[in-house]
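Q: Quick one: structure below, then a few questions.
The values are calculated or read from the model by the stated rules, or taken from the named source; none is laboratory data. Just so you know, these numbers come straight off a predicted model, no measurement behind them. Counting neighbours? That spans all protein chains shown, and the Cβs are built from the backbone with ideal geometry, glycine included.
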Amino acid sequence: MMASSYSAKEEDGHHSGAPGPGGVNAKSRKPDNTAFKQQRLPAWQPILTAGTVLPAFFIIGLLFIPIGIGLYVTSNNIKEYEIDYTGVDMSSPCFNCSQNYSWNSTKPCTCSVAFSLDQPFESNVFMYYGLSNYYQNHRRYVKSRDDSQLNGNLNSLKDPSKECEPYRTNDGLPIAPCGAIANSLFNDTLELYYNDPNGTKIPIRLVKTGIAWWTDKHVKFRNPVGDGSNLSAVFQGTTKPVNWQKYVYQLDTDPDNNGFINEDLIVWMRTAALPTFRKLYRIIEKQGDATPTLPRGNYTLLITYNYPVRSFEGRKRMILSTISWMGGKNPFLGIAYITVGSVCFFLGVVLLIIHHKYGSRSNNADIAS
Amino acid sequence: MLFPVSPPPPGEVVCEPPNNKLDRFVGTLTWKNNKYPLDNEKLLLRGCVMRNTEWCFGLVVFTGPQTKLMQNCGRTAFKRTSIERLMNTLVLWIFGFLLCMGVILAIGNSIWEEKVGGKFRVYLLWDEVLNDAIFSGFLTFWSYIIILNTVVPISLYVSVEVIRLGHSYFINWDRRMYYRRRDMAAEARTTTLNEELGQVEYIFSDKTGTLTQNIMVFNKCSINGRTYGDVYDEFGHKVEITEKSPSVDFSFNPLRDKKFRFHDHSLVEAVKLGDPAVEEFFRVLALCHTVMPEEKNEGELVYQAQSPDEGALVTAARNFGFVFRARTPETITLYEMGKHSTYQLLAILDFNNIRKRMSVIVRNPKGQIKLYSKGADTILFDRLAPSTEDLMYTTSEHLNEFAGEGLRTLALAYKDLEEDVFAEWMVRLHEASTALENREERLALLYEEIEQDMTLLGATAIEDKLQEGVAETIACLTLASIKIWVLTGDKLETAMNIGYSCNMLRDEMSDVFVITGHTALEVQQQLRTAKEKILGPTREIVNGEKDAEKMDLYRNDSVFEETITSEYALIINGHSLAHALEADLERLLLDTACLCKTVICCRVTPLQKAQVVDLVKRHKRAVTLAIGDGANDVSMIKTAHIGVGISGQEGMQAVLASDYSFAQFRYLQRLLLVHGRWSYLRMCRFLCYFFYKNFAFTLVHFWFGFFCGFSAQTVYDQWFITLFNIVYTSLPVLAMGLFDQDVNEQNSLRHPKLYELGQLNVLFNKRQFFMCTLHGIYTSFVLFFIPYGAFSSNVRDDGSHIADQQSFAVTIATSLVIVVSVQIGLDTNYWTAVNHFYVWGSLTIYFCILFAMHSNGIFTIFPSHFPFLGTARNTLTQTGVWLVILLTTTVCVMPVLVVRFLRTDLYPTMTDKVRHTQQASRRQRPQEQNLKRVRRTSSRRSAYAFSHQEGYGELITSGRNMKVAVPVFSLLRKRGDPATGTTVVAWSSGSGTRESENTQGQ
């Protein structure tokens, strides 16, 4: 995008005949005649000219607009369905659950939200839970974890890092997993039912593995290795986080998804960058080519309401979404690309006009020396 | 005062305490119960050289810092560049800005804790110490000060020093500032002032040894209406005389001075043919002078002349076969074309300032009495016999020609005297010389009487050899809007002469004001007249005091100064300068001087030199540079912003006190226009970029603060914060700071106007700084908000989430590194291999380190230190992330591109134009067009060339100095040895001829 040419700068031009008396002498203080020392290194000297800048703008414009359109179309083709089940309104089904909240209540509060999909979701459907106004990126929250402990280090298991305070120990026992992040693990249970037109509720199979990054699941998070294979034995001498109802080794029955390598925990532990975020909860896999993953029709979302958010005006959402090559539904990027592309193109035109009308094309002529 | 040759007996000296007055000394020597007064005449200053003196006794009175010269030196002040001062101010501002951001975020934190955080406590308990929102805000303030501290560029200072060091090395390495004859390369003796070299507005130059070589050369002559000295080729065209031109072979003359060079053969032929006029011409040169010969071995003549001019003339006569061999009080022995001839010296009518001529009356071997005279043409032409009028006109033309070439001219004449007339005159002379009253006047009258009706012989032209390329350099620097003031210890005439020959004074100048007042009032009057005269044509003169006030209004107005179209010159004498430098007159002096194109101060003391420099330094916001070679320049070298020492024959003091040193004045052009300009440019570009980079990097935290509850959470990985300034971005900008060139050196020299950029300080000032920081703030804004928009609901292409903090950090960090790399690419004008290596290398290193630190291996070893495991892999494999990075980079760079393009397209600066031509011409290279040699077109004649006061004719005739068998000389002490520098009271065996070199600029 720049006019350029390579050239070594011309020769010294100062060699006057034979070397002087000191010239031959090895001890001469005459500086070496190297391109580096004489600042004559060959160099590329780009200049911003109309010939380089204007095409650059047009190219950027012509490149960005199609990208933007592509992104926008892709994003629009993604099907997404979102339900806010916080239960703020009196009318909402989870209003009651959201009202009588207690961490220790033994009897879970459940509520169900009915919804219908107008269009079928064809490919794999991803089920997210979304939280708003939730500061997972707060400094004190972010640091409140012990990666060493989560990596299965036995010392850290028994003696968690100071960063976990005040969720480091409980009743003298170390907490596993320690820290505020783990303590606030999202513990609503979401179940999805398809309301068959004939009246039966068919539960939809929700896959709970494969929702975390491979590196997290296999490298970053590991269960401590004890004498036996029994997880509960390994976690002997630790206690559960304060807000939890279960111990960490009771999170799942599948040994590959239990303890620290429980994927719900792993997903939660990867803290979100912004106060409004969504996290992958379950995957609904496509069953066969014949039927869509989620056909058109009525559905019921059954929520075991455990996670209080009303105190800080937070919101809870359930999102069903398909994905594309560029990820989930995200109109911003497409629009941004179209905008920037158009602006570039427009600027290119404006600059071209300015250059033709007012530009100083007689650059070389009038150098006063 | 003569003492027998014996060890000096004990005695006592009582004298004044050390002071800086060079022209007086009061003391008494008590020795063998006798008291001898000691005054200035008996004092040798440090650095003086005794000549014509075999031995002498000296007594060291003051040593080291007590010597009068050192007392004149002034304090050594720590020198800093204006950019550095500005930089310090800006760093303070940035610090203030940092505090402001801290306060804003702290307040935000307090509000957040109050409104949101308190309710969020179900998930995020407060630490025990934290129990109240205000306190939380207070702690947050300090946290943010720590997080945002990267906006105060600590590494800037280190980088600046590295760049300056590099620039200093480039100066040391420059072959074009290497002087082969003395095997001397330029040396940057300090590394702190380089960029100021690109901003110099005033140059204060010493004359002797700096502008001139202090060598007088007999260059041309006009004898009986014919000029000699020019060489013509076979077609009758004048040939430029260079080092290589064949010179005349003087081998016929066994007593010749082998170093003497003359290129015109016709003069030797004329001598050999025995042309009477030519013979008489050289006879004058050989007889009419006060030079002392010394012949240690047969044929090895050494002349000791009071002034180099005289030496040059006598040497010329010697080579042309009229060898001045020996002198006694009554005789002068010549060796004329191989024959000994002894002239009886009857009288010496010595030189003085008023007479501007010198004559001798001799009786030649034939018994004729002759008066030989040499002197300023204007004086001598009035005293010629009317019969020689034609010759006078021809000679006058020749003199104009000589003067036009900047040569110092003398006219020569002779007169035959009748025996009886002379005898009668001699009687009267004797009477007059013994008279008690009005002796001087009576003698002058008698001299005047006899020096009449002379016959003109011709004229000589002596070249006060300028250093090579001085006139060109001065012309070039003048084009670069640098004002050059000459401060010299020389006499007014000499100084003016040099002024003309190096093109500082020109005939086309409207007026040359010479200020020579002896009282403050006179000086004021003269300065005021000069000022009014300058301002007169452009402004209506209003009378009275109001006028002065009005003038005051305008005096700082540079625009007004520029409206003065005609050129003026100001020449001011030392004693006038003393008055003019008083507090009440200095403004007037400065204003007047600044209105003039050329300023020459003559007969100034070292301290005055410093005062003049200081005056300009204090009142003009301009960078001053002082250049000199001797100990007498030390004070001004130290006072000026930049001191340059010429390492010549004058010893090392100037060099030791200087910031830069080299061997020839002409290198100054290169030092300023090439190295200085580049240094300034590079430093400014570097600073702009550095501030931009730090703002872009740091302020992302500020924006993020609004989304993370003002909790002082960093956006980036800790490792990235640590390495960003040191590893990822330091080298490309360093390479730019070291190697960048907007235009190449040839064009820098060819277009001195480019230098004005630095003088006006347009490349880095407060405005530029604001632009840089705004640019940085904009960049940080884009860097944060585009990923913010894109990530708010984004997921990976496998459905797992990507809007987590670590991915966000990696995306922003990658964008940042790419954006600043693109920016440095746009800022770099001169892409050497090193630049390429550093820019691409930095990007590569960034990705290498990124992936290394996010790798499994390093996490397994230090799990708690590298929590970003796998982020790079999972993030940078996503197309969406790269689209975000591309978009961010484009949006950051696009406005810069637009602004730069519009600026160069609509309002191209000189630099842009030169760059364009440079690029265009690089294709159809190379017609090396050097600056054309500046031809002097002056018709001004120099006055009597001798630069000294009274000659010592009296001494010669009195014969006092002849009593020692062989008049010889001694070197009292080595010159200019700083360690042993002393002031010495000396009694010499010889005539005590003394060169107060240091006081009067030799």
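Q: Go over the candidates B:SER815, B:SER821, B:SER792 one by one and state the one that is surrounded by fewer than 23 Cβ atoms within 10 Å (Cβ to Cβ), more than 8 Å from chain A (Cβ to nearest Cβ) and among the polar types (S, T, N, Q).
A: Values: B:SER815 fails: surrounded by fewer than 23 Cβ atoms within 10 Å (Cβ to Cβ); B:SER792 fails: more than 8 Å from chain A (Cβ to nearest Cβ).
Answer to the selection: B:SER821.
Q: Looking only at strands (runs of 3 or more DSSP E) that lie completely in the range B:18-94, which have at least 2 residues being at pLDDT 80 or above and of a type in the set (Phe, Trp, Tyr)? Outline the logic, then answer.
A: On the way: elements: B:27-31, B:34-38, B:56-63.
Fully inside the range B:18-94 and qualifying: B:56-63.
Q: Now for a separate question. Go through the range B:728-749 and give me each residue that's more than 18 Å from A:GLN38 (Cβ to Cβ) and within 12 Å of chain A (Cβ to nearest Cβ).
A: Our first condition is that a residue be more than 18 Å from A:GLN38 (Cβ to Cβ); within the range B:728-749, this holds for B:728-734, B:736-737.
B:MET736, the sole residue that qualifies.
Q: Follow-up. Determine whether the range B:846-866 contains at least one residue that is away from chain A (no Cβ under 13 Å), buried (at least 24 other Cβ atoms within 10 Å of the Cβ) and of a type in the set (Ser, Thr, Tyr). Don't jump to the end; show me each part of the working.
A: First, the residues of the range B:846-866 that are away from chain A (no Cβ under 13 Å): B:846-850, B:852-853.
So of that shortlist, the ones also buried (at least 24 other Cβ atoms within 10 Å of the Cβ) come out as B:850.
From what's left, of a type in the set (Ser, Thr, Tyr): none.
Scanning the range B:846-866 turns up no residue that is away from chain A (no Cβ under 13 Å), buried (at least 24 other Cβ atoms within 10 Å of the Cβ) and of a type in the set (Ser, Thr, Tyr).
Q: Please find, among B:SER222, B:SER245, the residue that is touching a strand residue (DSSP E or B) at 6+ places or on another chain (Cβ under 7 Å), small (Gly, Ala, Ser), free of Cβ contacts under 8 Å to residues at least 60 places away in the same chain and farther than 27 Å from B:THR729 by Cβ. Steps first, please.
A: Numbers: B:SER222 fails: free of Cβ contacts under 8 Å to residues at least 60 places away in the same chain.
Exactly one residue qualifies, and that residue is B:SER245.
Q: I'm checking my understanding of the structure. Among residues of the range A:245-279 that are part of a helix (DSSP H, G or I) and within 14 Å of chain B (Cβ to nearest Cβ), which one is farthest from B:GLY789 (Cα to Cα)? It would help to see each step written out before you state the result.
A: Filtering the range A:245-279 for residues part of a helix (DSSP H, G or I) gives A:248-250, A:255-257, A:259-261, A:263-269.
Remaining after also requiring within 14 Å of chain B (Cβ to nearest Cβ): A:260, A:263-264, A:266-269.
Working: A:PHE260: 32, A:GLU263: 27, A:ASP264: 26, A:ILE266: 25, A:VAL267: 22, A:TRP268: 22, A:MET269: 23 Å.
Per the criteria, the residue is A:PHE260.
Q: Could I ask something else about it? Has the range B:362-375 got at least one residue that is among the hydrophobic types (A, V, I, L, M, F, W, C) and assigned to a loop (DSSP other than H, G, I, E, B)?
A: Initial filter on the range B:362-375 (among the hydrophobic types (A, V, I, L, M, F, W, C)): B:362, B:369, B:371.
Of the ones still in play, those that are also assigned to a loop (DSSP other than H, G, I, E, B) are none.
Scanning the range B:362-375, I find no residue that is among the hydrophobic types (A, V, I, L, M, F, W, C) and assigned to a loop (DSSP other than H, G, I, E, B), so the answer is no.
Q: Please go through the range B:393-419 and give me each residue that is surrounded by fewer than 20 Cβ atoms within 10 Å (Cβ to Cβ) and either in contact (Cβ under 8 Å) with a residue 60 or more places away in the chain or over 25 Å from B:ASP350 (Cβ atoms) (or both), ordered by number.
A: Of everything in the range B:393-419, those that are surrounded by fewer than 20 Cβ atoms within 10 Å (Cβ to Cβ) and either in contact (Cβ under 8 Å) with a residue 60 or more places away in the chain or over 25 Å from B:ASP350 (Cβ atoms) (or both) turn out to be B:TYR393, B:THR394, B:SER396, B:GLU397, B:ASN400, B:GLU401, B:GLY404, B:GLU405.
Q: Here is a follow-up. Would you mind stating whether B:THR889 is under 22 Å from A:MET326 (Cβ atoms), more than 9 Å from chain A (Cβ to nearest Cβ) and in a helix (DSSP H, G or I)? Don't jump to the end; show me each part of the working.
A: Details: under 22 Å from A:MET326 (Cβ atoms): yes; more than 9 Å from chain A (Cβ to nearest Cβ): yes; in a helix (DSSP H, G or I): yes.
The answer is yes for B:THR889.
Q: Can you find, within the range B:901-923, the residue that is farthest from the other protein chains (Cβ to nearest Cβ) among those that are of a type in the set (D, E, K, R) and in contact with a helix residue (DSSP H, G or I) (Cβ under 7 Å, 6 or more places away or on another chain)?
A: Applying the first criterion (of a type in the set (D, E, K, R)) to the range B:901-923 yields B:903, B:905, B:912-913, B:915, B:922-923.
Filter again for in contact with a helix residue (DSSP H, G or I) (Cβ under 7 Å, 6 or more places away or on another chain), leaving B:905, B:912.
Numbers: B:ASP905: 5, B:ASP912: 7 Å.
Restricting to residues being of a type in the set (D, E, K, R) and in contact with a helix residue (DSSP H, G or I) (Cβ under 7 Å, 6 or more places away or on another chain), the top hit is B:ASP912.
Q: With a cut-off of at least 3 residues that are within 13 Å of another protein chain (Cβ to nearest Cβ), name the strands (runs of 3 or more DSSP E) lying wholly within the range A:111-226. Working first, answer last.
A: Details: elements: A:125-132, A:189-195, A:201-203.
Filter on the range A:111-226 gives A:125-132.
Q: Considering A:ILE202, A:ILE211, which residue is over 25 Å from B:ILE802 (Cβ atoms), of a type in the set (Val, Ile, Thr) and assigned by TED's automatic domain parsing to the domain that holds A:MET269?
A: Values: A:ILE211 fails: over 25 Å from B:ILE802 (Cβ atoms).
Testing whether each residue is over 25 Å from B:ILE802 (Cβ atoms), of a type in the set (Val, Ile, Thr) and assigned by TED's automatic domain parsing to the domain that holds A:MET269 leaves just A:ILE202.
Q: Moving on. Please enumerate the residues belonging to the range B:871-886 that are free of Cβ contacts under 8 Å to residues at least 60 places away in the same chain and more than 7 Å from chain A (Cβ to nearest Cβ).
A: B:THR877, B:TRP882, B:LEU886
Q: In the range B:764-789, what residues are facing chain A (nearest Cβ under 8 Å) and among the aromatic types (Phe, Trp, Tyr)? Please lay out each step first, then the result.
A: Taking the range B:764-789 first, the residues facing chain A (nearest Cβ under 8 Å) are B:786, B:788-789.
Listed by number, the list holds a single entry, B:TYR788.
Q: OK, next. Take B:ARG670 and decide whether it is farther than 23 Å from B:VAL782 by Cα and crowded, with 23+ Cβ neighbours inside 10 Å.
A: Numbers: farther than 23 Å from B:VAL782 by Cα: yes; crowded, with 23+ Cβ neighbours inside 10 Å: no.
Against the criterion (farther than 23 Å from B:VAL782 by Cα and crowded, with 23+ Cβ neighbours inside 10 Å), B:ARG670 does not qualify.
Q: Could you go through the range B:682-689 and let me know if any residue there is more than 30 Å from A:GLN39 (Cβ to Cβ) and in contact with a Ser or Thr (Cβ under 8 Å, 6 or more places away or on another chain).
A: Going residue by residue through the range B:682-689, those that are more than 30 Å from A:GLN39 (Cβ to Cβ) are none.
The answer is no, given that none of the residues of the range B:682-689 is more than 30 Å from A:GLN39 (Cβ to Cβ) and in contact with a Ser or Thr (Cβ under 8 Å, 6 or more places away or on another chain).
Residue-by-condition table, conditions (1) hydroxyl-bearing (Ser, Thr, Tyr); (2) within 14 Å of chain A (Cβ to nearest Cβ); (3) surrounded by fewer than 20 Cβ atoms within 10 Å (Cβ to Cβ):
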site: B:ASP132; (1), (2), (3): no, no, yes
site: B:TYR157; (1), (2), (3): yes, no, yes
site: B:ALA188; (1), (2), (3): no, yes, no
site: B:THR212; (1), (2), (3): yes, no, no
site: B:GLY225; (1), (2), (3): no, no, yes
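Q: OK, next. Please name all residue pairs, on different chains or six or more residues apart, with Cβ atoms under 9 Å, provided the first residue is in the range B:100-126 and is more than 29 Å from A:PRO308 (Cβ to Cβ) and of a type in the set (Gly, Ala, Ser) and the second residue is surrounded by fewer than 18 Cβ atoms within 10 Å (Cβ to Cβ) and modelled with pLDDT of 85 or more.
A: B:GLY102/B:TRP142; B:ALA106/B:PHE138; B:ALA106/B:LEU139; B:ALA106/B:TRP142
Q: Oh, and also: Which ranges mark the helices (runs of 4 or more DSSP H) fully within the range B:574-688 that have 1 or more residues being of a type in the set (Val, Ile, Thr)? Can you show your working first?
A: Numbers: elements: B:574-580, B:586-595, B:606-619, B:634-639, B:653-657, B:667-670.
Passing ranges, in order: B:586-595, B:606-619, B:634-639, B:653-657.
Q: Mind telling me which of the residues A:PHE260, A:PHE235 ends up being assigned by TED's automatic domain parsing to the domain that holds A:CYS109, in contact (Cβ under 8 Å) with a residue 12 or more places away in the chain, under 22 Å from B:HIS801 (Cβ atoms) and in contact with a Leu (Cβ under 8 Å, 6 or more places away or on another chain)? Break it down into steps so the answer makes sense when it comes.
A: Numbers: A:PHE235 fails: under 22 Å from B:HIS801 (Cβ atoms).
Just a single option satisfies the conditions, and that option is A:PHE260.
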